[in-house]
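For reference, the structure discussed in these notes is given below.
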Amino acid sequence: MLSQGSLKAFRESLRGASFCLEDVGYDAARTIPNAMINRRPAVIARCAGAADVIDCVRFAREHSLIISVRGGGHSVAGKSVCDGGVMVDLSAMKGIRVDPKRRTARAQAGLTLGEFDRETTAFGLATPLGVVPKTGISGLTLGGGFGNLLAKHGLALDNFISVDVVTADGRLLTASSDENADLFWGVRGSGGNLGIVTSLEYRLHEMGPVLGGAVLYSATQTKDVLHFCRDFAQRIPDDLMIQGGAFTSPDGVPVFAVAACYSGAALSAGEELLQPLRNFGPPIADMIATMSHLQMPRFFEPYFPPGRHTYVKSNFLRALSDDAIATIARWAGTSPSATTFAPFFEHWHGAVGRVGVSETAFPHRQHEWNLFAWSTWTDPADTEKNVHWTRQCWESLRPFLVDGSYVNYVSDEGDVSARASYGPNYDRLAACRV
Ligand SMILES: Cc1cc2nc3c(=O)[nH]c(=O)nc-3n(C[C@H](O)[C@H](O)[C@H](O)COP(=O)(O)OP(=O)(O)OC[C@H]3O[C@@H](n4cnc5c(N)ncnc54)[C@H](O)[C@@H]3O)c2cc1C
């Protein structure tokens, strides 16, 4: 049992704010973007620094409480909020120092990727992160980090060079390739399983404007568009990323979109490369334009407002075969919700595959196509039909999918999925002792 006295002493020891059930701000602090998640921690500690995080770990151990860790709160499974335990909320830890000479940035764990990009772009620098600005850098990086620079510079986790981690026994360790190397191997892919990361140091790369956006086709053209994308993808360089899928356009038309981002130095080369995509069909809308690296993620933001119910299925495809394409096309434009993105593909290529499967804990280096169904809706009364549709869609795609998933996209799939998702790295990860 948690005594009021020890809870009070713990809260007073913190430099940051804290919230219990009866406090103003408690509900806002436990709310995350996915409206499906409704959990009530015993206490939420909005940590101001590593010392607060250490105290949270010690307090939770002393009282046998579970811990959840909130970076940006975007885990669809709601992993950042626990019932009855200590929610370690890092969202106030937003310090960042960019070193333009060394081309590195040391960032605290509560930054979102939009905030991070804002600071590095001021120096004409960037690191690969995701495509929606409000996503937290921590969860995204520790689980992988797919984004528009994947082919050029790899995953987010391929670009951090050291981390500070509070371990389960309350020590703060630094991990890098030459210090606590086993921990460094594990945190690159394990999500939050090995400790609470308080800051990350990233390698930065030169970054200019990009040629990016999307072309929209009618959902009835899905099959043809996917055949085109399969061929197109075979001849694209590391400077170009594509992803795409079915959704409903803002004016209510079921479409299949292909988003592209060219980040090469000469945008004229990108114009030339993208011509076949922009001419194919032809598309019903072409929204590809030159924009800054900061604008590109903002392109996607309006489609992912907080407060929607969200249910996701995701696996890598064995291959984008004719039969897989036919099945994807059958589901395009059939979701019961106009705000769903499904089925949706990401084309993985380039630098991500030049890192060995067991060089980091993240094993998915060889798959070319990642597929997901990202169902979202607003009315809780629509939950059953949307979850049902998503599961049916996924079951029909199952024969074309590998067992493993990119962990950042899974809802709660249990131990079998965790084993498959870490593949040959599972046993080493499970044995990681820090
Ligand atoms: C709208 C939206 C867009 C997305 N876009 C992309 C994308 O473009 N590319 C991509 O790869 N992924 C994307 N994702 C998936 C995203 O990477 C994961 O949801 C990721 O877990 C989010 O990290 P977070 O810090 O915001 O989430 P949180 O829910 O706060 O954390 C996610 C997990 O990481 C753990 N964790 C977080 N911070 C720490 C820490 N400092 N130390 C230890 N453990 C920690 C949490 O406990 C939890 O288990 C997107 C998700 C959403 C909802």
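A quick yes/no check of all residues on (1) surrounded by 15 or more Cβ atoms within 10 Å (Cβ to Cβ); (2) at pLDDT below 95; (3) more than 12 Å from the ligand (Cβ to nearest atom); (4) at positive phi:
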residue: Ile288; (1), (2), (3), (4): yes, no, yes, no
residue: His293; (1), (2), (3), (4): yes, yes, yes, no
residue: Met296; (1), (2), (3), (4): yes, yes, no, no
residue: Phe304; (1), (2), (3), (4): yes, yes, no, no
residue: Arg308; (1), (2), (3), (4): yes, no, no, no
residue: Tyr311; (1), (2), (3), (4): yes, no, no, no
residue: Ala319; (1), (2), (3), (4): no, no, yes, no
residue: Ala324; (1), (2), (3), (4): yes, no, yes, no
Complete set of residues in segment 403-415 that are surrounded by fewer than 17 Cβ atoms within 10 Å (Cβ to Cβ), under 29 Å from Ile325 (Cβ atoms) and touching a residue at least 12 places away in the same chain (Cβ under 8 Å): Asp403
All positions within segment 170-195 that are within 13 Å of the ligand (Cβ to nearest atom) and β-branched (Val, Ile, Thr): Val187
Among (1) surrounded by 15 or more Cβ atoms within 10 Å (Cβ to Cβ); (2) at pLDDT 95 or above, the one test that Glu271 misses: (1)
Hits in segment 144-158 - residues which are more than 9 Å from the ligand (Cβ to nearest atom) and assigned to a loop (DSSP other than H, G, I, E, B): Leu149, Gly154
Given (1) under 19 Å from the mean Cα position of the chain (by Cα); (2) within 12 Å of the ligand (Cβ to nearest atom), number of the condition Thr167 does not satisfy: (1)
Single residue of segment 378-397 satisfying the filter (more than 27 Å from Val81 (Cβ to Cβ) and without any contact (Cβ under 8 Å) to a residue 60 or more places away in the chain) that is surrounded by the fewest Cβ atoms within 10 Å (Cβ to Cβ): Glu395
Qualifying residue in segment 21-32 (condition: surrounded by fewer than 18 Cβ atoms within 10 Å (Cβ to Cβ), within 15 Å of the ligand (Cβ to nearest atom) and either under 27 Å from the mean Cα position of the chain (by Cα) or over 21 Å from Asp83 (Cβ atoms) (or both)): yes
Residue among Pro302, Pro297, Pro306 that is in contact (Cβ under 8 Å) with a residue 40 or more places away in the chain and in a helix (DSSP H, G or I): Pro297
Top-ranked residue in segment 105-137 [being polar (S, T, N, Q), over 20 Å from Gly350 (Cα atoms) and over 9 Å from the mean Cα position of the chain (by Cα); ranked as surrounded by the fewest Cβ atoms within 10 Å (Cβ to Cβ)]: Thr121
Qualifying helices (runs of 4 or more DSSP H) (wholly inside segment 42-143; at least 2 residues being closer than 15 Å to Arg30 by Cα and within 11 Å of the ligand (Cβ to nearest atom)): none
Selection from segment 351-377 of residues that are in contact with a Gly (Cβ under 9 Å, 6 or more places away or on another chain) and exposed (fewer than 14 other Cβ atoms within 10 Å of the Cβ): Arg354, Gln366
Residue ID - farthest from Ile242 (Cα to Cα), chosen from residues in segment 271-296 that are in contact with a helix residue (DSSP H, G or I) (Cβ under 7 Å, 6 or more places away or on another chain) and among the hydrophobic types (A, V, I, L, M, F, W, C): Leu294
Qualifying residue in segment 38-45 (condition: touching a strand residue (DSSP E or B) at 6+ places or on another chain (Cβ under 9 Å) and in contact (Cβ under 8 Å) with a residue 60 or more places away in the chain): no
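Report yes if Val187 is modelled with pLDDT of 95 or more and within 25 Å of Pro33 (Cβ to Cβ), otherwise no. Full working, then the answer.
Working: modelled with pLDDT of 95 or more: yes; within 25 Å of Pro33 (Cβ to Cβ): yes.
Criteria met by Val187.
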Matching residues, segment 1-26, being free of Cβ contacts under 8 Å to residues at least 24 places away in the same chain, in a helix (DSSP H, G or I) and polar (S, T, N, Q): Gln4
Residues within segment 407-434 that are within 16 Å of the ligand (Cβ to nearest atom), within 19 Å of Phe184 (Cα to Cα) and either charged (D, E, K, R) or outside any helix (DSSP H, G or I) (or both), tallied: 2
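The values are calculated or read from the model by the stated rules, or taken from the named source; none is laboratory data. Computed from a predicted model, the values in this text were never measured in an experiment. No Cβ is skipped: glycine too gets one built from the backbone with ideal geometry, and neighbour counts run over all protein chains shown.
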